[in-house]
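All remarks here apply to the structure that follows.
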Amino acid sequence: MIESDQLTHSETVGAIAGALMGFHSTVPAINKNAENPFYRSKYADLPAILKAIKDPLQSAGLAFAQFAVGRDGLTTVILHPESGEWFKSTFEMKPAKDDPQGRGSALTYQRRYALCAALGLDTDEDDDGNAASRQDAPKQQDPTLVFFGDVKAALNAAKSMDELKAAWGLTHRKMCQLGKYREEAETLKEKRKAALSER
């Protein structure tokens with residue numbers, strides 16, 4: 001198990017990184033079906049997110065679980081059952097109102113944001129919770145850059161030539177999705193190949 005202040009994951013992550021690549025190549029744009037009247041912003045609510053990711057997760061061989069931890073915490077786990085690999089993250093959020101309704105609302109908010117962060121989903125037109133009291137609207141994620149991030153994670157996680165070949169095989173079949181990052185991905189692959197050859 002590998003731990004940091006922000007993330008815990010299994011000893012290897014090559015298979016789950018490859019599965020996330022597959023997930024991002026099939027997950028559709030998620031409809032922003034809810035509106036925050038206070039900030040005049042639209043966002044995808046939790047049921048819409050769960051519906052949109054159900055089939056792409058299953059196709060990619062991924063699963064997730066979320067657990068309330070302590071008084072204000074939430075743990076989110078992304079699982080790749082076939083390999084036994086996983087990512088886990090926990091964070092806390094105090095509800096604005098400390099009553100059952102306020103806590104339930106905060107937990108739903110936590111689940112939505114934690115799941116979107118873990119899976120790299122774009123579900124907000126703006127920060128509907130205005131969580132950090134920012135005046136600047138967050139930038140939309142570039143799906144090509146998200147996919148490239150998955151490619152880098154998979155290539156860097158490879159600990160053998162076979163793992164590198166498998167990771168690159170998944171990438172090569174979807175090369176068109178890399179766009180302007182294609183050359184950079186190929187360069188990284190060659191660097192990883194050279195590094196593994198020296199072992």
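Quick notes on this structure:
- Selection from segment 113-143 of residues that are modelled with pLDDT of 70 or more, surrounded by fewer than 19 Cβ atoms within 10 Å (Cβ to Cβ) and in a helix (DSSP H, G or I): Ala117, Ala118
- Pairs are defined by a Cβ separation below 8 Å, a sequence spacing of at least 6 or placement on different chains, a first member in segment 74-97 that is on the phi > 0 side of the Ramachandran plot and touching a residue at least 40 places away in the same chain (Cβ under 8 Å), and a second member that is surrounded by 16 or more Cβ atoms within 10 Å (Cβ to Cβ) and not in a strand (DSSP E or B); the pairs so defined are Gly84/Ser10.
- Count of segment 144-165 residues, restricted to those that are surrounded by fewer than 16 Cβ atoms within 10 Å (Cβ to Cβ), closer than 22 Å to Glu85 by Cβ and modelled with pLDDT under 75, is 0.
- Enumeration of residues in segment 12-35 that are closer than 15 Å to Ala153 by Cβ and assigned to a loop (DSSP other than H, G, I, E, B): Thr12, Val13
- Of the candidates Gln110, Gln66, Gln58, the single residue that is of a type outside the set (A, V, I, L, M, F, W, C) and buried (at least 17 other Cβ atoms within 10 Å of the Cβ) is Gln110.
- Number of residues in segment 75-108 that are more than 30 Å from Ala158 (Cα to Cα) and assigned to a strand (DSSP E or B): the value is 1.
- Inter-residue pairs, beta-carbon under 8 Å, first over 16 Å from Ala117 (Cα atoms) and among the hydrophobic types (A, V, I, L, M, F, W, C) and in segment 29-49, second at pLDDT 75 or above and not in a strand (DSSP E or B), 6+ apart: Ala34/Ala44; Ala34/Asp45; Ala34/Ala48
- Note on segment 58-73: among residues that are touching a residue at least 24 places away in the same chain (Cβ under 8 Å) and not in a loop (DSSP other than H, G, I, E, B), the one that is nearest to Ala114 (Cα to Cα) is Gln66.
- Identity of the residue in segment 70-85, more than 20 Å from Thr12 (Cα to Cα) and among the small types (Gly, Ala, Ser), that ends up surrounded by the fewest Cβ atoms within 10 Å (Cβ to Cβ): Gly70
- Matching option when the condition is of a type outside the set (Asp, Glu), assigned to a helix (DSSP H, G or I) and touching a strand residue (DSSP E or B) at 6+ places or on another chain (Cβ under 9 Å), among Ala52, Ala48: Ala48
The values are calculated or read from the model by the stated rules, or taken from the named source; none is laboratory data. Just so it is clear, the model here is predicted, and its values are computed rather than measured. Heads up, the Cβs are rebuilt from the backbone with ideal geometry, glycines too, and the neighbour counts pull from every protein chain shown.
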